[in-house]
Amino acid sequence: MKEYLEGKDLYIAIKKAAEVLVKNRDEINALNVFPVPDGDTGSNMSSAILEAVQWLDKVKNNNNLKEVLKALRDGLLMGARGNSGVILSQIFRGFTEALDGKKKITTKDFIMALDNAKEVAYGAVIKPVEGTMLTLIRRLSERAREELSEITDFLEFMDKLSIISFEIVDETPKYLKKLREAKVVDAGAKGLAYILKGFRDAIHGDTEVNIAQIENATSSEIAEIAYEDLTFQYCTECVLQLANEDLS
């Protein structure tokens, strides 16, 4: 029985999530057909979460939930690459902001954080497209509230949340024609499901993390899926820091 999470639990859960995501990075790259088949969704999501891990490693007290939440939020933002990385950073911005001020996280807090993650992620995208990572966080927050709100044990909660996440991944083609034509599920949604699986594994006690030992595949080993000619082949991100943040 595990009734709450502390800072150290979230700290190791994120690191385990990074390991699981990176292990499956090439599968996610190969699934990547939307919005363009450039085979980098797994790499972009991995870049974001690995940056978050580096920020977490700089936290002085990894049981201080406030510090862990801030490092996770800031690290994901600074490591975000491409659409998938940016949306992932916004999902966790909403998730972490909902938990600000907490010293411990209950399952009800986690559900509330999923709700806020959905709101922030959808608000960050000008034209949200269903059948993507956004659908996963939306349906996950809905189903968690409907099906898991009475569960107080995180072990049971995360087991069921992980199962639900992969069920929603399998549903993504029904929302998006391009996925149906390619006969694949959405890459970003599956990447997020792997992150949640990492959470689940860590909370169940699988806390040994060996990210550095994971073998990296070369780009030539990634399955090439090219269903259209690409006009714009590169994503560009920038971070702006205002010289004077007081705009009142």
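Selection of the range 164-208 for residues being in a helix (DSSP H, G or I), among the β-branched types (Val, Ile, Thr) and more than 17 Å from residue 18 (Cβ to Cβ) yields 164, 168, 169, 172.
Per this entry, residue 75 is not counted among residues that are in a helix (DSSP H, G or I), of a type in the set (Gly, Ala, Ser), open to solvent by less than 40 Å² (accessible area, probe 1.4 Å) and within 27 Å of residue 177 (Cα to Cα). Contact map, the range 1-25: residues that are among the hydrophobic types (A, V, I, L, M, F, W, C) paired with residues that are not in a helix (DSSP H, G or I), Cβ distance under 7 Å, separation 6+ or inter-chain. Pairs shown: 1/153; 5/104; 5/105; 12/207; 22/214.
Only one entry of 83, 29 meets the criterion of being assigned to a helix (DSSP H, G or I), in contact with a Gly (Cβ under 9 Å, 6 or more places away or on another chain), open to solvent by 60 Å² or more (accessible area, probe 1.4 Å) and within 20 Å of residue 184 (Cα to Cα), and that entry is 83. Taking the range 86-100 as the search range and keeping residues that are among the charged types (D, E, K, R) and modelled with pLDDT of 95 or more, which one is farthest from residue 55 (Cα to Cα)? Looking at the filtered set, the residue picked out is 97.
Here are 88, 56: which of them is touching a helix residue (DSSP H, G or I) at 6+ places or on another chain (Cβ under 9 Å), open to solvent by less than 40 Å² (accessible area, probe 1.4 Å), aliphatic (A, V, I, L, M) and over 15 Å from residue 196 (Cβ atoms)?
When all the criteria are applied, what remains is 56.
Just need a number here: residues in the range 144-163 that are in a helix (DSSP H, G or I) and either among the polar types (S, T, N, Q) or open to solvent by 30 Å² or more (accessible area, probe 1.4 Å) (or both).
9
Residue pairs whose Cβ atoms lie under 7 Å apart, sitting 6 or more positions apart in sequence or on different chains, and linking a residue in the range 98-115 that is free of Cβ contacts under 8 Å to residues at least 40 places away in the same chain and closer than 18 Å to residue 196 by Cα to a partner that is β-branched (Val, Ile, Thr) and not in a helix (DSSP H, G or I), are 99/105. Of all the numbered requirements in (1) of a type outside the set (S, T, N, Q); (2) out of contact with any Leu (no Cβ under 7 Å at 6 or more places or on another chain); (3) surrounded by 20 or more Cβ atoms within 10 Å (Cβ to Cβ), residue 7 misses one, and that requirement is (2). Scanning the range 122-135 for residues that are open to solvent by less than 50 Å² (accessible area, probe 1.4 Å), among the hydrophobic types (A, V, I, L, M, F, W, C) and closer than 20 Å to residue 70 by Cβ turns up nothing.
The values are calculated or read from the model by the stated rules, or taken from the named source; none is laboratory data. Everything numeric here is computed off the predicted structure, so don't read it as measured data. Every residue, glycine as well, gets a Cβ built from its backbone with ideal geometry; the counts of neighbours run over all protein chains shown. Calculation scope for accessible area: heavy atoms of the full protein, side chains included, ligands and nucleic acids excluded. Shrake-Rupley method; radii C 1.70, N 1.55, O 1.52, S 1.80 Å.
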